[in-house]
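The values are calculated or read from the model by the stated rules, or taken from the named source; none is laboratory data. Note that this is a predicted model, so its numbers are computed, not measured. Backbone-built Cβ (ideal geometry, glycine too); neighbour counts: all protein chains shown. Heads up: the accessible areas ignore ligands, DNA and RNA and are worked out on the full protein's heavy atoms, side chains in. Shrake-Rupley method; radii C 1.70, N 1.55, O 1.52, S 1.80 Å.
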Amino acid sequence: MAETMKGLHRSHRCAELGTANIGETVTVMGWVQKSRNKGGIIFVDLRDRSGILQLIFEEADCGGDNFAKAEKLRSEFVVAATGKVEARSGAVNENLATGGIEVRVAEVRVLSEAQTPPFPIEADSKTKEELRLKYRFLDLRRPDIQSKLMLRSQVATKVRAVLAEEGFLEIETPILIKSTPEGARDYLVPSRVHQGKFYALPQSPQLFKQLLMCSGYDRYFQIAKCFRDEDLRADRQPEFTQIDMEMSFVDVDDVIAVNERLIQKVFKDAIGLDVPLPIPRMTWQEAMDRYGSDKPDTRFGMELVDVSKAVEGCGFGVFTGALENGGSVRGINAKGQGQMPRKKIDALVEFAKGFGAKGLAYAAIQPDGSVKSSFAKFMTEEQMKALTEAMDAQPGDLLLFAADKNKVVWDVLGNLRLEIARNLELFDKNQFRFLWVTEFPLLEWSEEQGRYVAMHHPFTMPMEEDLDKLDSDPGAVRAKAYDIVLNGTELGGGSVRIFQADVQEKMFEVLGFTKEQAQERFGFLLDAFQYGVPPHAGLAYGFDRLMMLMTGADSIREVIAFPKVKDASDLMTNAPDVVDPVQLEELGIGITADE
């Protein structure tokens with residue numbers, strides 16, 4: 001039968017003890033990591049969130065009853081132990097913070113027994129993720145997961161402290177809101193009181209934080225839960241956390257300055273990283289032209305090169321056809337990879353096809369300077385020379401080319417560049433390279449909807465010098481938008497907001513909304529804009545992504561206590577699940593069975 005804590009009080013966590021505590025009588029509590037019975041003496045590794053501490057039991061010291069309990073201890077039993085801290089009797093364990101001491105136990109209580117866990121509770125588990133997530137309550141006991149979640153807590157605390165110093169107020173916004181479908185799909189919540197009507201869970205606090213600026217709160221932030229009903233990837237979850245902020249009477253440079261100070265202080269205090277300021281900036285156009293990505297990884301080179309002029313009028317129809325259709329021909333130079341086996345090149349071609357390429361042209365520069373190419377027979381010697389010079393090719397290099405519409409070429413080569421870098425380990429995983437990407441397009445054309453859609457959201461301010469293009473050339477309008485990128489991952493994004501009613505009306509018009517539709521969806525915001533609204537701007541970080549990068553995790557699932565898997569289900573609780581028909585009846589909802 002389990003014992004109680006009556007009369008006992010924990011004096012220290014396990015790893016809070018050290019050689020300075022030798023001679024003290026302490027009480028520690030935690031889980032048994034492992035037990036070793038050496039006959040007449042028992043060693044127990046006790047674990048809590050702080051680390052591991054060695055307990056030693058000898059019958060002469062702790063009495064027969066306590067020693068008998070120690071003999072029955074198994075992994076994951078929860079115990080409380082009181083004893084004296086001593087210098088470790090055996091060899092010092094350099095791998096443990098408490099490796100120089102042990103606690104000679106006088107009294108032990110078994111607070112809870114445990115079944116044998118389905119996998120070892122240890123760092124760097126090789127257990128399949130599906131099993132770990134089914135027993136997430138056990139997985140969360142592993143030291144590497146605990147260290148990630150404890151760092152997450154420290155970062156949240158630091159963010160709050162820094163933003164408070166910067167004059168921000170922490171204000172909560174609603175979770176049950178009006179659905180405003182523009183972007184990802186909303187999660188909907190049926191109303192029992194208003195049958196047939198639905199709340200939505202917020203994809204972000206966007207509208208409310210703008211209203212807070214209208215209300216005069218000047219600087220707002222929130223560590224906010226957000227929800228998007230979208231397909232998942234390694235850095236996506238249906239519910240996620242944002243570090244969200246908004247500021248009044250500011251422009252782009254003001255927002256960037258505050259956030260650079262935030263980044264510098266948080267990274268220094270949390271992981272000891274010095275982030276040099278100012279963080280480099282790059283326009284969206286430059287990022288796409290150089291890296292084929294609006295979130296470029298700048299830890300390595302292999303930048304895209306536009307060779308359209310070099311191949312004009314050549315005999316290779318793939319190149320000339322792309323140019324005739326308004327596209328471009330671009331390439332990347334994989335330095336020193338000219339002898340890459342054909343099998344690996346074919347694998348890169350297949351990889352490129354996954355991003356819209358019809359194929360991939362390549363040229364390997366041989367050690368003697370000759371060119372082995374998939375398209376050489378269509379090029380004159382002078383044309384091939386002009387092409388290789390444009391690519392700054394040297395003997396031993398591998399040149400890879402894509403020819404299509406710009407969007408396809410960027411997507412293909414941007415991803416191909418990353419794939420080659422991963423395969424060849426061209427970047428240092430311990431390096432942190434920050435970058436601001438600015439001046440995004442305001443709009444992008446949706447073939448599916450047959451209209452322009454907002455690249456960020458409908459409340460993003462156009463660059464003032466591009467306002468006159470909203471009617472004549474909407475696709476050329478740049479936004480006062482900015483993303484903060486780290487190692488090829490978008491950490492956060494934001495923009496200066498539209499605060500003039502006429503500009504907001506024009507934006508809705510370009511997006512295809514009638515005045516009635518705009519009023520129906522966003523009326524409460526538009527109404528607020530009639531009563532004096534300050535210029536304002538904001539930014540939101542993906543907190544889970546931030547922690548994934550800070551901890552070196554492969555997925556945000558490692559830095560979320562109870563994550564979902566790729567089909568948005570929870571393997572531990574079996575959510576989502578069916579509900580009682582009575583609940584559906586109360587909501588006025590019927591379920592249509594799949595045929």
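Some notes on this structure:
- A Cβ-based charge dipole, computed about the Cα centre of the chain with Lys and Arg at +1 and Asp and Glu at -1, lands at about 1800 debye.
- Excluding ligands, DNA and RNA, the accessible surface per residue across region 1-59 is 53 Å² with a 1.4 Å probe.
- Apolar share of the accessible surface for region 45-201: 50 percent from carbon plus sulfur atoms, 1.4 Å probe.
- Dividing the summed helix terms, -39500 (n - 2.57) for each DSSP H run of n ≥ 4, by the number of residues in the chain produces a 222 nm estimate of -9000 deg cm²/dmol to the nearest 500.
- Virtual spin-label span in nm between T573 and K377, 7 Å along Cα→Cβ: 6.3 nm
- Positive-end ranking of I121, A200, I484 along the dipole of the chain, with charges on Cβ about the Cα centre, is headed by I121.
- Each of S370 and L467 was given a label point 7 Å from its Cα along the Cα-to-Cβ line. The distance between the two points is 6.4 nm.
- The residues packed around A270, meaning those with a beta-carbon under 14 Å from its beta-carbon, carry a net charge of +4 if Lys and Arg are +1 and Asp and Glu are -1.
- Residue ranges 65-71, 187-193 sort as 65-71, 187-193 when ordered by packing (mean number of other C-beta atoms within 10 Å per residue, highest first).
- Ranking T157, L399, C214 by Cα position along the charge dipole of the chain, where only Lys, Arg, Asp and Glu carry charges on their C-beta atoms, puts T157 farthest toward the positive end.
- Rolling a 1.4 Å probe over the heavy atoms of the protein chains gives region 515-595 an accessible area of 58 Å² per residue.
- Filter on K209/K515; K126/K148; K209/K566; K69/K126; K225/K564; K34/K126 - keep pairs with C-alpha separation over 21 Å: K209/K515; K209/K566; K69/K126
- Only the Cβ atoms of Lys and Arg (+1) and of Asp and Glu (-1) were treated as charged; on that basis the dipole of region 38-184 about its Cα centre amounts to roughly 320 debye.
- At R0 = 25 Å, FRET efficiency that the Cβ-Cβ distance of A476 and Q519 yields, to 0.05: 0.30
- A dipole drawn for region 339-498 from +1 and -1 charges on Cβ atoms has a positive end, and of T388, V496, M340 the residue lying farthest that way is M340.
- Apportionment of accessible area to carbon and sulfur, region 280-422, percent (1.4 Å): 51 percent
- Taking the average, over residues, of other Cβ atoms within 10 Å as the packing measure, peptides 109-117, 517-525, 10-18 rank 10-18, 517-525, 109-117 from highest down.
- Kyte-Doolittle mean at least 0.0 and Cα axial length at least 18 Å: DSSP H helices in the chain: 143-165, 252-271, 406-424
- Per residue accessible area of region 282-327, 1.4 Å probe, in Å²: 44 Å²
- Electrostatic dipole magnitude of region 448-595 [Cβ: Lys, Arg +1; Asp, Glu -1; Cα centre; debye, to 20]: 600 debye
- A straight Cα-to-Cα reach below 16 Å connects K372 with the lysines K335, K343, K344, K385, residues fewer than 8 places away in its own chain not being considered.
- Its relative contact order, with pairs defined as Cα atoms under 8 Å and 6+ residues apart, puts the chain at 13 percent.
- The length gained on full extension between N95 and D527, counted as 0.36 nm times the residue separation minus their Cα-Cα distance, comes to 149.3 nm.
- Full-extension gain in nm, D144 to L424, via 0.36 nm per residue minus C-alpha separation: 98.0 nm
- FRET E, pair T592, Q154, Förster distance 51 Å, beta-carbon r, rounded to 0.05: 0.60
- Listed peptides 340-351, 217-228 by packing density, highest first (mean Cβ within 10 Å): 217-228, 340-351
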